[in-house]
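Engineer: For reference, the structure I am asking about is given below.
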Amino acid sequence: MYIRSTGLGRTLLTCHVAKIEVTHVVPSTLKDPAEGESEPPRLLMTMQTTDPVSWTVRGFVEPEDLRLILKAALKPAVIWTALKFLVFGGSAKKKIPAENAAVGVSNQAQA
């Protein structure tokens with residue numbers, strides 16, 4: 001997977017999902033709640049970046065986030081693409097013609 005951050009300029013990070021788990025930890029401290037307090041269950045997605053730096057990125061998926069993810073994932077085009085990835089793999093990359101390469105780079109910079 002690739003991720004970009006507006007805070008890192010044009011840096012493209014290569015990463016993978018390391019783990020997804022249900023947890024009750026406090027997001028700000030990554031520790032269990034204090035005695036007598038409780039936290040709602042959350043999905044914790046841990047991603048490991050591998051290039052150009054090695055970072056661990058944790059994201060707490062809230063119910064509203066999960067609704068949006070599922071809504072997007074259940075679109076027919078997304079399901080079809082996911083099935084193609086599962087069956088044929090996703091490593092094939094399309095070559096961008098030289099005349100379109102500059103346009104693609106400028107479009108990525110705006111995204």
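Engineer: Scan the range 1-54 residue by residue and report those that are within 26 Å of PHE85 (Cα to Cα) and β-branched (Val, Ile, Thr).
Structural biologist: Answer for the range 1-54, where residues must be within 26 Å of PHE85 (Cα to Cα) and β-branched (Val, Ile, Thr): ILE3, THR11, THR14, VAL17, ILE20, THR46, THR49, THR50.
Engineer: For the range 54-64, does any single residue satisfy the condition of being surrounded by 10 or more Cβ atoms within 10 Å (Cβ to Cβ), at pLDDT 90 or above, within 14 Å of the chain's Cα centre (by Cα) and more than 22 Å from THR14 (Cβ to Cβ)?
Structural biologist: yes
Engineer: So which residues in the range 1-29 are among the aliphatic types (A, V, I, L, M) and out of contact with any strand residue (DSSP E or B) (no Cβ under 7 Å at 6 or more places or on another chain), if there are any at all?
Structural biologist: Initial filter on the range 1-29 (among the aliphatic types (A, V, I, L, M)): 1, 3, 8, 12-13, 17-18, 20, 22, 25-26.
Scanning the range 1-29 gives LEU8, VAL26.
Engineer: Can you name the number of the only condition in (1) under 16 Å from the mean Cα position of the chain (by Cα); (2) within 20 Å of HIS16 (Cβ to Cβ) that PHE85 fails?
Structural biologist: All conditions are met except number (1).
Engineer: Another question about this same structure. Counting just the residues of the range 23-43 that are in contact with a His (Cβ under 8 Å, 6 or more places away or on another chain) and touching a residue at least 12 places away in the same chain (Cβ under 8 Å), which one comes out surrounded by the most Cβ atoms within 10 Å (Cβ to Cβ)?
Structural biologist: The initial filter retains those residues of the range 23-43 that are in contact with a His (Cβ under 8 Å, 6 or more places away or on another chain), namely 32-33, 38-42.
Now drop any that are not touching a residue at least 12 places away in the same chain (Cβ under 8 Å), which leaves 38-42.
Values: SER38: 9, GLU39: 13, PRO40: 7, PRO41: 10, ARG42: 19.
Step by step, filter the range 23-43, then rank; the result is ARG42.
Engineer: Let me ask you something else. Residue by residue through the range 1-55, note down the ones that are assigned to a strand (DSSP E or B) and among the charged types (D, E, K, R).
Structural biologist: Within the range 1-55, ARG4, LYS19, GLU21, LYS31, ARG42, ASP51 meet the criteria.
The values are calculated or read from the model by the stated rules, or taken from the named source; none is laboratory data. Everything quoted here is computed from the prediction, not taken from an experiment. Every residue, glycine as well, gets a Cβ built from its backbone with ideal geometry; the counts of neighbours run over all protein chains shown.
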